[in-house]
1. With an 8 Å cut-off on Cα pairs and a minimum separation of 6 or more residues, tell me the relative contact order of segment 133-201 in percent.
2. For helix 53-66, report the angle its Cα long axis makes with the longest principal axis of the Cα atoms of the chain; keep it between 0 and 90° and round to the nearest 10°.
3. Nearest 10 degrees, 0 to 90: what angle lies between the long axis of helix 154-180 and the longest principal axis of the chain (Cα atoms)?
4. For the pair Gln59 and Ala17, how long in nm is the line joining their label points, each one 7 Å along Cα→Cβ?
5. Given labels modelled 7 Å from the Cα in the Cβ direction, how far is it in nm from Glu106 to Leu48?
6. Would you mind calculating the gained length between Ala97 and Ala306 on full extension (0.36 nm times residue separation, minus the Cα-Cα distance), in nm to one decimal?
7. Which shape class, rounded, prolate or oblate, goes with segment 139-263 when its Cα gyration tensor gives a ≥ b ≥ c as root eigenvalues, a/c under 1.5 marks rounded, and past that a/b bigger than b/c marks prolate?
8. For Glu156 paired with Leu170, estimate the spin-label separation in nm (one decimal), with each label point 7 Å from Cα along the Cα-to-Cβ line.
Amino acid sequence: MSTLLSNWSTNAQSVPANYVFPQDKRPATGDITAPVCKDIPVIDLSQLEGLDRDKIVKQIMKVNQDLGMFQVINHGVSEELMDDMMNLFKEFFNMPAEDKAMYYSEDENKGFRLYTGTLNYVKDRINKWKDSVKHTCHPLEDNIQSWPQKPARYREVVGAYSLEMRKLSLRILDLFCEGLGVELGYFADELSKQQGPLVHRYPPCPDPSLVFGVDGHTDSNLLTLLQQDIYGLQIFKNGQWLGVEPIPHAFVIIICDQLEIISNGKLKSALQRVVTNTSVARTSVVTFISPSLESIMEPIKDLVTASEPQLFKSFRFKEYFGIYTAYLREPKGPTALEAYKL
Ligand code: OGA
């Protein structure tokens with residue numbers, strides 16, 4: 001329990017050895033404050049109802065063919081709810097150690113988890129500079145009873161946020177349906193069955209050049225929607241790491257591995273990472289959308305043609321996480337997609 005960074009890192013004068021990345025894997029000089037990437041479009045979702053809809057869908061498809069990331073504004077989730085969610089988790093991570101102790105777990109299979117560092121603090125050799133909360137939320141009634149009751153509004157705020165994020169994620173997935181030319185609702189059932197918040201707290205770090213909040217990776221799931229307060233998220237573009245601009249009340253939409261597979265490479269899983277800073281704690285609220293464990297992952301048949309052959313093998317989604325984790329732990333490379341390429 002004392003391992004939770006949010007319990008001890010404010011007094012840390014230096015970075016403990018089990019957080020220090022090997023010299024050749026650390027952020028390069030200057031990377032910690034890399035400028036923001038200007039190619040990540042900010043899409044105003046309220047414009048979708050107008051005449052420009054086709055143009056916007058085409059823009060989303062084009063940018064995600066090689067970048068895998070865009071931001072959305074006027075997305076329908078209220079600013080008040082977004083602020084409530086961010087503030088709730090700030091309060092959560094600031095609770096006294098005794099209050100957090102009852103939620104802490106090193107069991108990777110637990111439904112609700114407060115953990116630190118990385119997937120497993122004990123197994124993983126180098127820890128990431130963060131604490132995290134992860135659980136599922138869909139459908140709400142099957143999940144809510146396992147959630148914390150501290151802070152007092154946890155269930156109310158996370159419940160309301162989860163319902164809104166469900167609506168938004170299905171809306172965005174339908175834009176991909178339009179762009180890919182498949183029927184609306186294609187992703188609405190088994191392919192998006194699992195949803196949850198994954199909330200990260202990255203406390204200030206005495207030396208950000210030695211650590212990562214999260215090192216380079218693509219996400220294992222289908223789609224990620226991310227709310228961030230301050231700079232820290234970076235994307236790899238043309239051989240360079242660049243920042244993802246924190247825009248108040250926007251969501252960063254991230255294409256993940258399963259969407260790259262299902263779209264037969266027409267959408268690209270974004271290569272991303274998180275750097276830390278010396279002065280201000282960063283909080284990010286990630287909403288992950290994942291297929292059900294039994295879902296079969298494979299490119300949509302209509303997207304495979306003589307000129308665009310099938311790029312990925314077919315497999316059951318529950319196999320993926322083990323392979324993904326092995327990739328992250330070794331580390332073999334930034335993305336487990338390699339293991340499924342034909
Ligand atoms: C992740 C991740 C980004 C962030 O959860 O895998 O990359 O900004 N998060 O916290």
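Coordinate-derived values only; no laboratory data. Keep in mind that what you see is a predicted model, and the values were worked out from it rather than measured. Don't worry about glycine lacking a Cβ; one is built from the backbone with ideal geometry, like all the others, and counts go over all protein chains shown.
1. It comes to 48 percent, rounded to a whole number.
2. The two axes meet at around 60 degrees.
3. It is inclined by approximately 30 degrees.
4. The two pseudo-label positions are separated by 5.3 nm.
5. 4.4 nm
6. 69.3 nm
7. Judged from the Cα gyration tensor, segment 139-263 comes out oblate (a/c at least 1.5, b/c at or above a/b).
8. Taking the simple label geometry, Glu156 and Leu170 are separated by 2.6 nm.
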